[in-house]
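Here's the structure we're looking at; comments come further down.
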Amino acid sequence: MVLENQQVIDSLKKGEHSVLRKIYHETRKEFQKWAFTQYSVPSGETDEIFQTSIIIFYEKVTSDRLELSSHWKTYLFAIGKNKIREYLRASAKTSSLDAILGEETEPFDDEDESAGDEKTNLVIKCIETLGPPCKDLIVAFYYKKMPLEDISAELGYKNSNSAKNQKFKCMQRLRDLYLENEGPLS
C-alpha cells in the first residue's frame with residue numbers, strides 16, 4: 001500500500017507509530033542501496049544515517065514544521081542526503097588529518113617507505129616548519145577536532161571568524177610549503 005503525504009502526516013500527528021514503522025521498513029533497504037551506490041557510504045553508517053533521518057522527519061511532522069512540496073519519501077531522502085554530506089565532510093576531515101599528521105609514530109624504513117608515507121612525512125615536516133601559531137591551529141582543528149570557537153579562546157583569537165581566517169592562511173602556507181618541497185600534486 002502506497003502512503004500518501006497527507007495520510008502520513010495525519011497518522012504521525014495522531015501518534016500512530018505503526019505508520020512510522022511501515023515507513024522505516026519500506027524505505028530502509030532502498031535508502032541503504034541508494035546511499036552506497038550514490039555516495040559509497042558503508043552499510044553500518046547508512047543504518048545510523050537512515051535512523052537519524054527518520055527521527056528528523058518524524059520530529060518535523062509532529063512539530064508542524066513540515067510543508068511538503070514533494071512526496072514524503074523524497075523529503076526523507078533529502079534529509080538523508082544532508083546527513084550523508086555531513087558524514088562525508090567529517091570523514092574527509094579525519095582522512096585529511098591522518099594524512100597530515102600520520103597515524104604512525106614509528107620511524108620509517110627507507111626501503112619499505114611508500115610514496116604515500118613520503119608525502120605524509122613531508123606534510124608533517126611542513127607543519128613543523130610552520131611553527132606556532134599555524135601548527136597549533138592546524139593541530140587543534142584537524143587532529144583534536146576542536147570547534148573554531150574553542151580554538152579562538154585557547155589560542156587568543158578575537159573570535160571564531162578570526163580563527164577561521166587564520167586557519168585558511170595557515171593552510172595556504174602549508175600548501176605552498178608542500179609544493180615547494182614536492183612539486184605539483186598528481
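Only residues that are buried (at least 18 other Cβ atoms within 10 Å of the Cβ) and within 17 Å of Q32 (Cβ to Cβ): list them for the stretch 74-86, please. Reasoning before the result, please.
Of the stretch 74-86, the ones buried (at least 18 other Cβ atoms within 10 Å of the Cβ) are 75-77, 79-80, 83-84.
Of everything in the stretch 74-86, those that are buried (at least 18 other Cβ atoms within 10 Å of the Cβ) and within 17 Å of Q32 (Cβ to Cβ) turn out to be L76, F77, I79, G80, K83, I84.
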Scan of the stretch 32-54 for residues that are assigned to a helix (DSSP H, G or I) and more than 12 Å from K83 (Cα to Cα), ordered by number: Q32, K33, W34, F36, T37, Q38, S43, G44
Positions within the stretch 134-186 being within 23 Å of N121 (Cβ to Cβ), outside any helix (DSSP H, G or I) and not small (G, A, S), in sequence order: K144, K145, P184, L185
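With surrounded by fewer than 14 Cβ atoms within 10 Å (Cβ to Cβ), modelled with pLDDT of 70 or more and farther than 19 Å from K144 by Cα as the only criterion, which of S91, S114, S53, S69 stands out? Steps first, please.
On the way: S91 fails: farther than 19 Å from K144 by Cα; S114 fails: modelled with pLDDT of 70 or more; S53 fails: surrounded by fewer than 14 Cβ atoms within 10 Å (Cβ to Cβ).
Step by step, each of S91, S114, S53, S69 is checked, and only S69 is surrounded by fewer than 14 Cβ atoms within 10 Å (Cβ to Cβ), modelled with pLDDT of 70 or more and farther than 19 Å from K144 by Cα.
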Residue in the stretch 1-37 that is surrounded by the fewest Cβ atoms within 10 Å (Cβ to Cβ), counting only those that are acidic (D, E) and modelled with pLDDT under 90: E4
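The values are calculated or read from the model by the stated rules, or taken from the named source; none is laboratory data. For clarity, every value in this text was computed on a predicted model and none was experimentally measured. A quick note on method: Cβ atoms are made from the backbone with ideal geometry, for glycine too, and the neighbour counts reach across all protein chains shown.
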